[in-house]
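Read-outs throughout are calculated quantities, based only on the coordinates presented, and are distinct from any laboratory measurement. Model, not experiment: these values are computed from the prediction. As a convention, Cβ positions derive from the backbone with ideal geometry for all residues, glycine included, and neighbour counts pool all protein chains shown.
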Amino acid sequence: MKDKIYTYLKKDKRNISIIIIALVVIVFGALPFYSDADSFFAYYLFLVFIYIILAQGWNLIAGYTGQISLGTHAFFALGAYTTAILWLHDVTKTWYYFDPLVMIISGVVPAIFAIIIGIPLLSRLRGDYFSFGTLAAAEVLRILILRGGKFTEGAMGLRLPAEGFTDMGIYYWTALFLALLATAMVYFLIRSRIGLALRALSEDELSAASHGINILQYKVLAFAIGSFIMGLCGSLFAYYLFIVSPPAVMNLNWMFLPILICVLGGNGTILGPIIGAFVVGALFTYGDVYVGQIHPMLSGIIIILVMKFMPTGIMGLKDRISPHR
């Protein structure tokens, strides 16, 4: 009898969660219809969606697999440059604005790059050494881009045609869709057998290997999928910015932001990056408007306080409030 009640409550809770998610998606998706798509609030949400995409990619690599990557900006930049090059040279011969084929290729290229650098790094390096290895790979990529000649236009970057821009609506919906896609990819991957293997690697590699898990294979797989998501984010940003240059897409902020978002929201959780993206987006976007030049200092203080008193992030509050449930 107890088992039946538990099963019913579990199903009921799942249905309620699905309804809540559907309502939230409908509200956010309909925002441009009942509000100005070019408003500052819509711009804030657009940035939040970008942060969610980037953070979910990093979360898969670091939060669930335990491999702290400092090369996020490299995969982000590769996605942006791939979109710019394919767009300017009309490689795919398809309609150019938010071309799904171009965006998929822009995710595949960073994934291939992740496999190329991931096999030697993940097979030999652990912990901090792997982190600095990814940072070094990102710096190598920066030099290659700066010396890419007419192919990348060096420090000046590539200028994309802006004739297709009309309003923020198409950007908003595309960012929302990709944020949902990235979250869904991580969610279903973690709930699969691959996700169980990744969690086992994160907790104890020796134990996972003794149970027949191919450590390198799963690490590289998570690294590639996370990089694919980051590449999609870079592609979206290239369409938005119209200028793809090292200062714009290889800025170290793109390395720092997903780490900060996941730490604040809760590393190794699905909702953590989402919550963290809203918090960080508000701190950086509205803080710049209302407190001006001192907003980095105030944001830094808030972040330090959160990390000191909530080391497991905002999602960790649930366990601290009700540890026995």
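Quick notes
- Ranking Ala138, Gly127, Ala42 by Cα position along the charge dipole of the chain, where only Lys, Arg, Asp and Glu carry charges on their C-beta atoms, puts Gly127 farthest toward the positive end.
- Candidates Leu135, Leu88, Leu47, ranked by Gaussian network fluctuation over the chain, Cα under 10 Å, top entry: Leu88
- Cα-centred dipole magnitude for the chain, charges only on beta-carbon of K, R (+1) and D, E (-1), debye, nearest 20: 1100
- Contact order normalised by residue count of the chain, Cα under 8 Å, 6+ apart, percent: 30
- Positive-pole candidate from Ser210, Trp58, Gly29, dipole of the chain, charges at beta carbon: Ser210
- Judged by the mean number of other Cβ atoms found within 10 Å, the most tightly packed of the peptides 152-158, 103-109, 201-207 leads the ranking 103-109, 152-158, 201-207.
- Extended-chain gain in nm, criterion 0.36 nm per residue less alpha-carbon gap, Val27 and Ser39: 2.7 nm
- Environment charge at Tyr218 (Cβ cut-off 11 Å; Lys +1, Arg +1, Asp -1, Glu -1): +2
- Spin-label zone in the range 119-163 - amide nitrogen under 14 Å from a point set 7 Å from the Cα of Asp90 along the C-beta vector: 161
- Burial ranking of peptide ranges 258-264, 186-192, 304-310, 76-82 (average Cβ count within 10 Å, highest at the top): 76-82, 258-264, 186-192, 304-310
- Using the Cβ of Thr83 as centre and a radius below 14 Å, the other residues enclosed give a net charge of -1, where K and R count +1 and D and E count -1.
- With contributions of -39500 (n - 2.57) from each DSSP H run of at least four residues, the per-residue ellipticity at 222 nm computed over the chain stands at -24000 deg cm²/dmol.
- The range 54-245 - percent relative contact order, Cα under 8 Å, separation 6 or more: 48
- Structure remark: mean-square fluctuation, Gaussian network model of the chain, C-alpha springs under 10 Å; the largest value among Ala277, Ala208, Ala175 belongs to Ala208.
- When the Gaussian network model of the chain links Cα atoms closer than 10 Å, the mean-square fluctuations of Ala22, Ala42, Ala136 top out at Ala22.
- Spacing of the two label points (7 Å from each Cα toward its C-beta) at Thr166 and Ile303, in nm: 3.8
- Multiplying the residue separation of Leu146 and Asp204 by 0.36 nm and removing their Cα-Cα distance gives an extension gain of 16.9 nm.
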